[in-house]
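Here the structure comes first, spelled out in structure tokens, and everything after it is commentary.
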Amino acid sequence: MQVMLKPPSDEPLLGNADDEKLIDLADVDIRLPLLVYVSREKRPGYDHNKKAGAMNALVRASAIMSNGPFILNLDCDHYIYNSKAMREGMCFMMDRGGDRICYVQFPQRFEGIDPSDRYANHNTVFFDVNMRALDGLQGPVYVGTGCLFRRVALYGFDPPRSKEHPGCCSCCFGRKKKNANISEENRSLRMGDSDEEEEEMNLSMFPKRFGNSTLLIDSIPVAEFQGRPLADHPAVKNGRPPGALTIPRELLDASTVAEAISVISCWYEDKTEWGQRVGWIYGSVTEDVVTGYRMHNRGWKSVYCVTKRDAFRGTAPINLTDRLHQVLRWATGSVEIFFSRNNALLASPRMKFLQRIAYLNVGIYPFTSFFLIVYCFLPALSLFSGQFIVQTLNVTFLVYLLTITVTLCMLAVLEIKWSGIELEEWWRNEQFWLIGGTSAHLAAVLQGLLKVVAGIEISFTLTSKSAGDDVDDEFADLYVVKWTSLMIPPITIMMVNLIAIAVGVSRTIYSVIPQWSRLLGGVFFSFWVLTHLYPFAKGLMGRRGRTPTIVFVWSGLIAITISLLWVAINPPAGTNQIGGSFQFP
């Protein structure tokens, strides 16, 4: 640990007017905040819990060094693009009733994405539609970066006045009343993942939960008090009096720095609740979603803050393989959540019903890959067999199909109009949903089942965001083709549908009574599937004929296998043996 900048003075430090400087700093407070570089201890034999462990170490170290009531979390590939964003986020928490807000989530905005956004890296449907919709419930989910936290919420405490906001399911889940005479000051510091575990603030229990650091334990009530809204109105509950934060802070000394170093040692979390109920939660590759879920499960609310100027910006993988690995990691974490105690079906009564449905969708969406696979193969099966999906195109079926199509189109139009996203962005999201659903989501479900059934731990690849070899091309990495087994299912779907179209056209042309209606129906749906997979096919082609040989090998093998299987299943008329009546001369 190294202190790069010392804590600022208590009095404002104004700059001087200097004609030689480009910026006039006259009448500007030029004090710089405390800046500390932290590198946590790592030793063999200890599980360091990746990002979650690093964040918990930073929470403990910052509690001793500065103890700010709010914590900004940014990934290493993100930077602040709007210096006023933090102030806007703090306004939500310091406003009347804002003491029940655990974090303020900002949308992720990316740079370096190709103009066509081939693989939907901007995620505009998620950040501009889904997250805004969640803001009307109990709040958006935590996405791992660009988030301003309330420190006390990370410590695992319940929100203030939790008994006054029992949630929508309290009528179904009764609870006993305890500690009815707790003072308002202590009511804001409660701990417990469920109503039965609710306990008032008890400093004697803190070492078991937070470790044996006295400075860390003493900083907890201070951080809670500093984060309270200003009690400048009778309606403000649990507020702090005006002028309470003007007390000068103590200067840093060697003992304080030594204590901060001790709390980031690899053994400090032993026999504590860090990673279990305190701080970032361990045990999942998507620790961000689990951490936010635990806060909402205690009754906290969150806010989605969309600033006019982007708050933060970062980078995203534009390479197909890296993008698929990123989606695989997210989907794998969702499957882990579904099979864990963090499943929304097991949420406490404090979580609102619709918020529960939203978190349930987070754990269920990878399982839709099975239905997508069936959906993608059905048109090909129709063309191979010569039978349409339904036996007869009657009025009932056409009305049913038209109703579903119009309803889906209306929902899409409402999403686009309400959120303000472009039609192309929505279509890119639809395309990559099918690409990811038939590849990464399917693999995530299989990996999750292996972990639950056989106990095989899941290993994931960190997202690579490096550029390609061509330094003159900003988007050179877009055209780099790196083979991965995740590409096999989409390639199989494309080859099956292409061969099915050829088989269907040939059968119709050479048949005695051509059934053009059945052919057009099957070809339309097969073409619809191929249209969704177009970005994937374009990514396989690379640039300037640099398609890897393995892509052609797999495509040929799949095409030959499908053809032989179909000849074996449905041999030509007039023969009962595989391969028909062909004989060598």
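Quick notes on this structure:
- Filter result for ALA568 (in a helix (DSSP H, G or I), surrounded by fewer than 16 Cβ atoms within 10 Å (Cβ to Cβ), at pLDDT 80 or above and of a type in the set (A, V, I, L, M)): no
- Any hit, region 232-254, residues being within 18 Å of TYR155 (Cα to Cα), in a loop (DSSP other than H, G, I, E, B), modelled with pLDDT under 85 and open to solvent by 10 Å² or more (accessible area, probe 1.4 Å): no
- Filter result for the condition that a residue is over 30 Å from SER439 (Cβ atoms), open to solvent by 30 Å² or more (accessible area, probe 1.4 Å) and among the small types (Gly, Ala, Ser), over GLY97, GLY89, GLY112: GLY97
- Matching residues, region 295-320, being among the charged types (D, E, K, R) and open to solvent by 20 Å² or more (accessible area, probe 1.4 Å): LYS301, LYS308, ARG309, ASP310, ARG313
- Residue within region 339-349 that is open to solvent by less than 40 Å² (accessible area, probe 1.4 Å), under 28 Å from TRP483 (Cα atoms) and not β-branched (Val, Ile, Thr) present: no
- Cβ pairs under 6 Å, 6+ apart, first in region 146-159 and at negative phi, second in a loop (DSSP other than H, G, I, E, B): ARG150/GLY227; ARG151/PRO69; ALA153/TRP300; LEU154/GLY279; PHE157/LEU189; ASP158/ARG298; PRO159/GLY299; PRO159/TRP300
- Test: residue in region 364-384 that is farther than 30 Å from VAL141 by Cβ, polar (S, T, N, Q) and modelled with pLDDT under 90: yes
- Residue match in region 48-70 (condition: part of a strand (DSSP E or B) and β-branched (Val, Ile, Thr)): no
- Some residue of region 168-189 being open to solvent by less than 80 Å² (accessible area, probe 1.4 Å), farther than 21 Å from ARG298 by Cα, modelled with pLDDT under 75 and in a loop (DSSP other than H, G, I, E, B): no
- One residue from SER255, SER262 being within 30 Å of SER9 (Cα to Cα) and either under 15 Å from the mean Cα position of the chain (by Cα) or in contact (Cβ under 8 Å) with a residue 40 or more places away in the chain (or both): SER262
- Region 17-37, subset open to solvent by 100 Å² or more (accessible area, probe 1.4 Å) and modelled with pLDDT of 75 or more, residue nearest to ALA61 (Cα to Cα): TYR37
- Any hit, region 263-271, residues being assigned to a helix (DSSP H, G or I), open to solvent by 30 Å² or more (accessible area, probe 1.4 Å), of a type outside the set (Gly, Ala, Ser) and out of contact with any Asp or Glu (no Cβ under 6 Å at 6 or more places or on another chain): no
The values are calculated or read from the model by the stated rules, or taken from the named source; none is laboratory data. All values reported here derive from a predicted model rather than from experimental measurement. Cβ atoms come from the backbone with ideal geometry, glycine included; neighbour counts cover every protein chain shown. What goes into the accessible areas is simple: the full protein's heavy atoms, side chains included, and nothing from ligands, DNA or RNA. Shrake-Rupley method; radii C 1.70, N 1.55, O 1.52, S 1.80 Å.
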